Amino acid sequence: MKNIFINKNSQLRSGFKIASTLATFIISTNVISFIAMVVLTIVMLLTNRLEINNITAYMKGLTSLSTGFGIFLNLIQCICMILSIWIFWKLFDRKPIREIGLINIKKGYKDLFKGLVYGAFSMIIVFILLLVSGNITLRTPMSSPNFNMSLLTGLGLFILVGINEEMFARGYCMTVLKQTGNKWAVVIVSSIIFSLMHSLNPSMTIISYINLFLFALLAAYMFIKSNNLWLPIGYHIMWNYFEGNIFGFQVSGLTTQSLFKLKAPVDNIITGGAFGPEGGLIVTFITIIGFIYIWQLYKPQVVEEESILENSNKDLEFQKG
């Protein structure tokens, strides 16, 4: 029975570590979010700003990223994920948090900057290709941008989203999976987990899963080659931010307020329809280009004592191209 939970090196198996962290995150997020939504709904009813027969529609609308409360709920989600990672990393592995790739920003800021630039540039290319091909059209000209507070709140939200998702899917999952001794499991299993985490997002399709898996593989490659999380964190932040708050696409099926307003995109295999570009072949193409860029043009920073793959991940050095 012990062998089910403990491996030959007397470590708790990686699957149980990841499952425990994910379960804690899901339960805590749902409980806190539900309580917050109920409290707000009761307040709205007591102040006569909501009719009782509209409760279901009202509560459903609260989760949208285009509302302040929806952003608040996502902040709760990000905080719960980060705390879950920290608690179980300290509980099971008892090592500094930098060991999952979150090295000192003084050493990683150049990779963060490169990731931010590359994430923004990638989504700009997606936008241009869809625009010039006629697959998307603007409601108003680009000379009349819609400046609004969501440009700041959305940036804050996507900074947290980028940090918490990369900490979990790349930093925590990949580092924990190293104990399997299987270099492919580290990359493949963590990428499958990342794509499955989006299963409840609206308008998911087979291509959405494929693209999220490819995105995760690219982020994993960035993590391995850079020896830290800051490159994929920066990439993830600006990818989401430019996709949603700048260009007005759906972000994995979620709606945000944006600088530019799009008409409903053509619902086809190129655009991704209601899921956004991540559900279309345009992102498949851009992600493949991303692999080529990281392989051929990205030069890793010299990371000294805080390198998290230098000693314990040498079996993954084949990825460094």
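Quick look at the values:
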| item | result |
| --- | --- |
| Computed E for Tyr109/Leu75 - FRET, C-beta separation, R0 41 angstrom, nearest 0.05 | 0.95 |
| Karplus (6.51, -1.76, 1.60) ³J(HN,Hα), θ = phi - 60°, over the range 166-176, in Hz, Gly and Pro reported as x | 6, 4, 7, 5, 9, x, 6, 4, 5, 5, 5 |
| Nearest-ten-degree value, helix 14-46 long axis tilted from longest Cα axis of the chain | 20 |
| Theoretical FRET efficiency, 1/(1+(r/R0)^6), r = Cβ-Cβ of Asn30 and Ile292, R0 35 Å, to 0.05 | 0.30 |
| Label-point separation, Ser20 to Ser203 (7 Å along Cα→Cβ), nm | 4.0 |
| For Asn148, net neighbour charge (Lys/Arg +1, Asp/Glu -1) across residues whose Cβ lies under 15 Å away | +2 |
| Cut-off under 5 Å, modelled amide H: who pairs with Ile6 long-range | Arg13 |
| Cα radius of gyration and Dmax for the chain (Å) | 20.5, 66 |
| Per residue solvent-accessible surface (Å²) - the chain, probe of 1.4 Å | 48 |
| Ellipticity estimate at 222 nm from DSSP helix runs (n ≥ 4, -39,500 (n - 2.57)) divided over the chain, nearest 500 | -18500 deg cm²/dmol |
| Percent accessible area from carbon and sulfur atoms, the range 18-88, protein chains only, probe 1.4 Å | 74 |
| Ordering of 237-249, 68-80, 87-99, 38-50 by burial proxy (mean other Cβ atoms within 10 Å per residue, highest first) | 237-249, 68-80, 87-99, 38-50 |
| Sites Leu12 and Trp184 - FRET efficiency at Förster radius 25 Å, r taken between beta-carbons, to 0.05 | 0.70 |
| The range 1-136: C-alpha gyration tensor shape, a/c 1.5 cut-off, then a/b vs b/c | oblate |
| Nearest-ten-degree value, helix 105-132 long axis tilted from longest Cα axis of the chain | 50 |
| Angle in degrees between helix 281-296 and the longest Cα principal axis of the chain, rounded to the nearest 10 | 40 |
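The values are calculated or read from the model by the stated rules, or taken from the named source; none is laboratory data. Everything numeric here is computed off the predicted structure, so don't read it as measured data. All Cβ positions, even for glycine, are placed from backbone atoms using ideal geometry, and neighbour counts span all protein chains on display. What goes into the accessible areas is simple: the full protein's heavy atoms, side chains included, and nothing from ligands, DNA or RNA. Shrake-Rupley method; radii C 1.70, N 1.55, O 1.52, S 1.80 Å.
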